[in-house]
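*Asks:* Below is a structure I'd like to ask you about.
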Amino acid sequence: METKHWQIDGAADLDQNPAIREAAALLREGHLVAFPTETVYGLGADATDPEAVASIYRAKGRPSDNPLIVHLADEQGLSEWVREIPESGRLLARRFWPGPLTLILPHRGNLAPQVTAGLPTVGVRVPSHPVALALLKNCGLPVAAPSANRSGKPSPTRAGHVWTDLGGRIDAILDGGVTGVGVESTVVDVTVNPPVLLRPGGVTLEMLGEVVGEVRVDPGLREEGESPRSPGMKYRHYAPGGEMWVITGEGEAQVSRIQRMADEAMQSGKKTGILCTEEHASRYRADWIVVCGTRSRPDTIARELYGALRRFDEVGAQWIAAEGFPPRGVLHSVMNRLSKAAEGRVIDSGRD
Ligand code: TXA
Ligand code: MG
């Protein structure tokens, strides 16, 4: 299949943009279109069309028991698809939509069943990216969209990542440049009281707490061996091809532990990479040093994370050590993604 690539320049009058109108027409005809959101690129299809939704799973190679997020142009459209919106959901939607927050709500049964993988609930969000909003308004549909990567790869934060993973497998890519947040939306189950955080993301736990008071954290997010409530969290995700380790801890201890481990990997003949922040980049020796943001601006670490992980695949790194962080604010989601990429291989450099 030929994949169309449309560059969207500027934010002027996106509702009339010919590429966005054409992309909206493709969605209405049951085709697949990748588009930028403020978090990562999504792979969109008409959420009411079973065939279209099935083709998302095929294009991504995604397990069919992992439900998709439905994207809406505004909160007003919600009650058409959702049976009931609990008070906590209303408060969170009012505060964070449009934006990087997905609410789990009871659905009415009028979406394609594959969207929700047979669950009685659906994940819904109103994205804030101007291209995403213009596309949603133009097509007038609820759009099911997982991240636009091949299953098991880091989510795409630029159109080139989508092209690498899905070029030739989907109908079109709307190229809106680099996404802003860099990690996916926060997923919160508001069907229960207090609400439960299922996936940390662009909206932090601290920000949620300010709006609704108590928010529980799904035990499956914290403890090994607990089964996560969000189906997607149980898969190996965000994973580079090489064996990855995450090393947490303070300053010198972290740097010297990472270097020691990298030296051992190189001695054993492995092509070795180190993922670190700007502050420490000059301190390491390895085959590849990939810099990911600065500690003085944790949002830059989130923004550059997936691009940095992909870099190791591009060069064929066989062994990777990554700097870890205290899991606060946006770094909570960064640590969640890092530890998944490393399949739980997280070491505290303060201990032996
Ligand atoms: O930022 C984002 O959320 C991006 C952009 C494109 O919007 N989308 C995204 O979708 O990350 P995806 O499919 O890669 O992740 C959806 C997550 C999965 O972990 C899935 O299991 C969870 O949301 N999810 C969806 N519906 C759910 C439901 N009814 N109950 C629990 N978890 C659900
Ligand atoms: Mg994904």
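*Asks:* Check Trp97 against each of (1) open to solvent by less than 30 Å² (accessible area, probe 1.4 Å); (2) over 20 Å from Leu27 (Cα atoms); (3) more than 19 Å from the chain's Cα centre (by Cα) and name the one condition it does not meet.
*Replies:* (3)
*Asks:* Right, another one. Would you mind finding the one in Ala23, Ala34 that is within 16 Å of ligand 2 (Cβ to nearest atom) and buried (at least 21 other Cβ atoms within 10 Å of the Cβ)?
*Replies:* Ala34
*Asks:* Could you check the stretch 132-180 and list, in sequence order, the residues that are buried (at least 24 other Cβ atoms within 10 Å of the Cβ) and touching a Gly at 6+ places or on another chain (Cβ under 6 Å)?
*Replies:* Val143, Ala145, Ala148, Thr157, listed by residue number.
*Asks:* Quick one: would you say Gly30 is assigned to a strand (DSSP E or B), modelled with pLDDT of 95 or more and closer than 23 Å to Ala117 by Cα?
*Replies:* no
*Asks:* On to the next question. Got a sec? Which of Val115, Val211, Val183 is within 16 Å of ligand 2 (Cβ to nearest atom), of a type in the set (A, V, I, L, M, F, W, C) and in contact with a Lys or Arg (Cβ under 7 Å, 6 or more places away or on another chain)?
*Replies:* Val183
*Asks:* Looking at Asp313, Asp263, which is the one that is modelled with pLDDT under 95 and open to solvent by 10 Å² or more (accessible area, probe 1.4 Å)?
*Replies:* Asp313
*Asks:* If I ask for residues that are under 24 Å from Leu205 (Cβ atoms), more than 12 Å from ligand 1 (Cβ to nearest atom) and open to solvent by 20 Å² or more (accessible area, probe 1.4 Å), which ones from the stretch 48-84 would you list?
*Replies:* Matches in the stretch 48-84: Glu75 only.
*Asks:* Which residues, counting only those in the stretch 179-209, are of a type in the set (S, T, N, Q) and assigned to a strand (DSSP E or B)?
*Replies:* Selection gives Thr186 alone.
*Asks:* State which residue pairs qualify: first residue without any contact (Cβ under 8 Å) to a residue 12 or more places away in the chain and inside the stretch 76-87, second residue loosely packed, with under 11 Cβ neighbours inside 10 Å in any location, beta carbons under 7 Å apart, and separation of 6 or more residues or different chains.
*Replies:* Correct list of pairs: empty, since none qualify.
*Asks:* Restricted to the stretch 179-213, and to residues that are hydroxyl-bearing (Ser, Thr, Tyr) and either out of contact with any Asp or Glu (no Cβ under 9 Å at 6 or more places or on another chain) or closer than 16 Å to Ala93 by Cβ (or both), which residue is farthest from ligand 1 (Cβ to nearest atom)?
*Replies:* Thr204
The values are calculated or read from the model by the stated rules, or taken from the named source; none is laboratory data. Keep in mind the model is a prediction, meaning the values are calculated, not measured. Cβ coordinates were reconstructed from backbone atoms using ideal geometry, including for glycine residues, and neighbour counts include every protein chain displayed. Surface accessibility is based on the protein's heavy atoms, side chains included, excluding ligands, DNA and RNA. Shrake-Rupley method; radii C 1.70, N 1.55, O 1.52, S 1.80 Å.
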